Amino acid sequence: MRVSWGLLAFPAAVSAIENGINSWLRYAPLPNDQRPSNLRLPGAIMALSSNKTSPIYTAGQELQAGIKSILNQTLPLYHEPDEYIGSTILVATTGDFNGRQKGDVEAAATLADDGYLLRIRAGNVVILGQTERGALYGAFDYLSRIAQGRFSDADLVSNPDAPIRWVNQWDNMDGSIERGFAGPSIFFSNNAIPKNLNRVSQYARLLASIGINGIIVNNVNANANLLTNANIDGLGRIADAMRPYGVQVGISLNFASPQTLGGLATFDPLDQSVISWWTDKTNRLYKRIPDMAGYLVKANSEGQPGPLTYNRTLADGANLFAKAVQPHGGIVMFRAFVYDNHINPADLKADRGKHAVEFFKGLDGQFLDNVVVQIKYGPIDFQVREPASPLFANIPQTNTAIELQITQEYLGQQSHLVYVAPLWKTILDFDLRADDQPSRVRDVVAGRRFSNKRGGYAGVVNVGTNTTWLGSHLAMSNLYAYGRLAWDPTQDPQALLEDWTRLTFGSDPLVLGVITEISMASWPAYENYTGNLGIQTLTDILYTHYGPNPASQDNNGWGQWTRADHYGIGMDRTVSTGTGFSGQYPAEVAEKFESIETTPEELILWFHHVNYTHVLKSGKSVIQHFYDAHYAGAETAQTFPIAWESLRKKIDTERFNDVLFRLRYQAGHSIVWRDSICQFYYNLSGIPDGAGRVGRHEYRIEAETMTLKNYKLTGVNPVETASNLTAVVLVSNNTSGEATMKLNFDSGKYDIAINYFDLIGGKARYKAFLNGKLLLEWAGDLEDKLGHTFSTKLDGHSATRVTIRDVQIQKGNVLKITGLADGNELAPLDYVAILPQGVVD
Ligand code: GCV
């Protein structure tokens, strides 16, 4: 008899320190008041597989560990039907259930690939999967119910909406991650695959629990060296680590590999030597990884090589790989992110948004059956607001998948809380009205709308070695929601968030209420303070994609243009007078976007160029809407840390403090965003804020007006990222200095906000004194505490704020800030704001 009483190979028990490593699978002990008095658990777990690499076996282990951790009950675990007689939690494939357990599989007949049946009746539990991993998904569903205190009987069949539910990692072989904000790679280090792959298994466990069945482990900007024999073996070890969780591994390819790695004279996809080279590499890969998911290809995009070099089509390129993986059952995900990044900004008909359709529409029907075209949700690049890509409606004879971004490249890089699922939902629910028929994006990518066999979801995640995975505890709701939506895109983002919260932080109503409130408010707030009305995220697109720099959008070849000038703003993408982009949609939708009156206002500047004085439905002008939205967004962000503080006694110290730190940072940086954008458009348009706020800061003392010792004035770039367009820095990098000011405010209690710049290249030290008494000491070391891309300069990325709360000030008190330079960080200061209670400035 094989019975195991469960010392587990994976970290299912609650960590003593809540560092986030188990995320929503932490299986916290359920408080007594959440256990029903009649709770009856089966006597044992029966997982019908003794093969340790089988997801069924994993399910048995997971159930045993989870139940022990949540309910403190240890159920024995068996793998053969005759080993135990009594009530069980039975986990099996439908085939095994029928053959070995002689069960009734009537309901199971409705199971799709990867689907599962979960039947909980009077203490007996049956979990059946169409596939082994389907059964594991069912086990995770059951455990999630227990962890959330939901014990009622159930009888359900759950099928995934789409067969492809993958994640992408943009990990480089040197261990860095492109657009990763949580430390180095768990897959690569020093141009090889590390020996210890524990984190890879743990990642697979998280992914399986939300129904993810495939992963591309390396950057789409791929390194050909991944295909050396040693690395193929390393990839094999990654696949071995993920297989017990049913997560299949695939890789990104560099199109030029036959030349750069193989030494061939060409990488022409129709050249026989190139075909043989790829066939041989593919066969070697499948020999080591027989269940390899397939390939992902970024070709002829942003400098990457591709078939166009040889005047071959993108379909020729995709089909080259499709033929190689076809005998092994593999899939080729071919990215539609193909565009020219040297377009002429002076050409009013030019439009990067049109490129995907221009490149792919004529190829419809030419891709082999195992090619899936992977399309970013919008026509540009993961902006805070974009319309759904028209390509979804333009290639009906081609399999398609939607690419979403969990890593928050343009959305605050995990240093800002932004729950992105509501944005994804607007796209997935969007009805493209192809042939005047219902054509929701989610039905297109599921293959339903155009009767395509394959399709689904690719989410760019970029987890790193940080124990929180994404660098921020709260950001993990995005990964959770991504998997759940890929399984069933009709689900409500708020309901998914609430499930995640109960699993991650418990079911206390206050905790649930606060996390729901701030998370659901976070995308609208971020949109408000970064870029409204469809103008895109007004970040620095030429540098870090993090802080504000609206000017960087225009007058370059990247085509993320806003066309802002002294009079107006927005891209005219109409057919009648603009770039013609709106005509890429099917007629009904095209007509709607063609006219300003019928374009939804949240996208008005995406489709139309209007004067700043254009009046919106609200009665406000566009420019006033900009000002008001930026003030409203930053104000909402101020409420996040305050709301979070109400959870102080309800959440473990480690996670509480970590989240509080980030939310406070976000509150400060949202003001940097607000002021920069408002100041920029005020400078450009010359139209003052009707509410008199922009450029007027009655609670601020600018550093340049303080009494300075060893400090000098400096400009910043872009200018609007410093209050009053000026900051101060120490005169040299081996000195210290002082900025002193007399506080001519009425005596009372104030918050003191100090705005400064935190760069990479040094960790300056600061001290703030009130009448000689030390209030706060801090360092310019955010680069050690936050994971976003840091800047070497004084700009909107490095501008930040620290706030000292509830300080009793007497009129005439002297506030002194001392700065000590370190490396290239010359202890820069921008201003101090003396804020009466409730004032945001
Ligand atoms: C991996 C944007 C990002 C790049 C990314 C690219 C892509 O341009 O900024 O980092 O490259 O998209 O999706 O291929």
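Laboratory data are not the source of any read-out in this text; all were calculated from the coordinates shown. Only a predicted model underlies this, so the values are computations on that prediction, with no experimental measurement involved. No Cβ is skipped: glycine too gets one built from the backbone with ideal geometry, and neighbour counts run over all protein chains shown.
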Assigned charges on the beta-carbon of Lys, Arg, Asp, Glu; segment 57-177 dipole about Cα centre (debye): 400 debye
For segment 447-588, radius of gyration divided by Kirkwood radius, i.e. Rg to Rh on alpha-carbons: 1.04
Solution diffusion estimate, µm²/s, Stokes-Einstein, segment 427-519, Kirkwood Rh from C-alpha pairs, 37 °C, viscosity 0.692 mPa s: 217 µm²/s
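Mind checking Rg over Rh on segment 692-749, alpha carbons, Kirkwood formula for Rh?
Ratio of gyration radius to Kirkwood radius for segment 692-749: 1.03.
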Principal semi-axes in Å for segment 396-467 [√(5λ), Cα gyration tensor, largest first]: 29, 15, 7
DSSP-loop trypsin sites (Lys or Arg not before Pro) across segment 777-827, with at most 12 other Cβ within 10 angstrom: K811
Exposed-loop-free span, longest in the chain, where GluC sites (Glu not before Pro) count as exposed if DSSP calls them loop and at most 13 other C-beta atoms lie within 10 Å: 303-596
Low-density loop cleavage sites - trypsin sites (Lys or Arg not before Pro) in segment 433-525, where at most 13 other Cβ are within 10 Å (DSSP): K453
For segment 494-540, the Rg and Dmax computed from alpha carbons only, in angstrom: 14.0, 40
All-pairs Cα distance distribution in segment 292-366, expressed in whole percent, bin size 10 Å: 18, 45, 27, 7, 2
Cα-based radius of gyration of segment 370-433 once divided by 2.2 N^0.38 Å, which approximates compact folds: 1.19
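For F790 and S87, calculate 0.36 nm times their separation in residues minus their Cα-Cα distance, and state this gained length in nm to one decimal.
247.4 nm
Based only on the alpha carbon positions, what is the Kirkwood hydrodynamic radius of segment 339-477, in angstrom?
Computed over Cα pairs of segment 339-477, the Kirkwood hydrodynamic radius comes out at 16.3 Å.
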Relative contact order %, the chain, counting alpha carbon pairs below 8 Å whose residues are six or more apart: 9 percent
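Please state, to two decimals, what the Cα-based radius of gyration of segment 613-690 comes to when divided by 2.2 N^0.38 Å (N = residues).
1.45
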Furthest towards positive pole of dipole, N528, G464, A475, structure part segment 442-529, Cβ charges: G464
Semi-axis lengths, Å, segment 324-413, gyration tensor of Cα atoms, sqrt of 5 times eigenvalues: 25, 18, 11
Farthest toward positive dipole pole in segment 244-370 [+1 Lys/Arg, -1 Asp/Glu at C-beta], among N311, Q326, V249: V249
Only Lys, Arg (+1) and Asp, Glu (-1) charged, at Cβ; segment 320-450 dipole about Cα centre in debye: 180 debye
Cα-Cα pairs of segment 535-639 separated by more than 24 Å (percent): 30 percent
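May I ask you to derive the relative contact order of segment 372-425, considering only C-alpha pairs under 8 Å and at least 6 residues apart, and to give it as an integer percent?
38 percent
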Relative contact order, percent, segment 475-589 [alpha-carbon distance under 8 Å, six or more residues apart]: 9 percent
Inverse mean reciprocal Cα-Cα distance (Kirkwood Rh) of segment 696-841, Å: 15.2 Å
Angstrom value of the Kirkwood radius, inverse mean 1/r, which spans all Cα pairs in segment 29-74: 11.8 Å
Antiparallel DSSP beta bridges within the chain, as percent of all bridges there, nearest 5: 60 percent
Distance-filtered residues of segment 19-37 - backbone nitrogen under 19 Å, label point 7 angstrom along L512 Cα→Cβ: 24-37
Rg(Cα)/(2.2 N^0.38 Å) for segment 259-302, N = residue count: 1.30
For segment 645-650, 3J(HN,Hα) per residue [Karplus equation, 6.51 cos²θ - 1.76 cosθ + 1.60, θ = phi - 60°, Hz, x = Gly/Pro]: 4, 5, 9, 3, 8, 9
Positive-end residue of A667, A632, F656, charge dipole of segment 595-667 with Cβ unit charges: F656
Exceeding the 18 Å Cα-Cα cut-off - candidates K773/K816; K709/K767; K425/K453; K376/K453; K354/K617; K68/K649: K425/K453; K376/K453; K354/K617; K68/K649
Likely footprinting exposure, K712, K354, K767, fewest C-beta neighbours within 10 Å first: K712, K767, K354
Value of D in µm² per second that Stokes-Einstein yields for the chain, Kirkwood Rh from Cα pairs, at 20 °C (1.002 mPa s): 75 µm²/s
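Just to be sure I follow: if Rg is taken over the C-alpha atoms of segment 611-755 and Rh is the Kirkwood radius over the same atoms, what is Rg/Rh? Before the final figure, lay out each step's value.
On the way: Rg = 18.6 Å, Rh = 18.0 Å.
Across segment 611-755, the Cα-based Rg/Rh ratio is 1.04.
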Debye, to nearest 20: dipole size of segment 596-679, +1 on Lys, Arg Cβ, -1 on Asp, Glu Cβ: 280 debye
Segment 506-587 - convex hull of the alpha-carbon atoms, volume per residue in Å³: 166 Å³
Filtered trypsin sites (Lys or Arg not before Pro), segment 646-708: DSSP coil and at most 15 other beta carbons within 10 Å: R648, K649, K650, R696
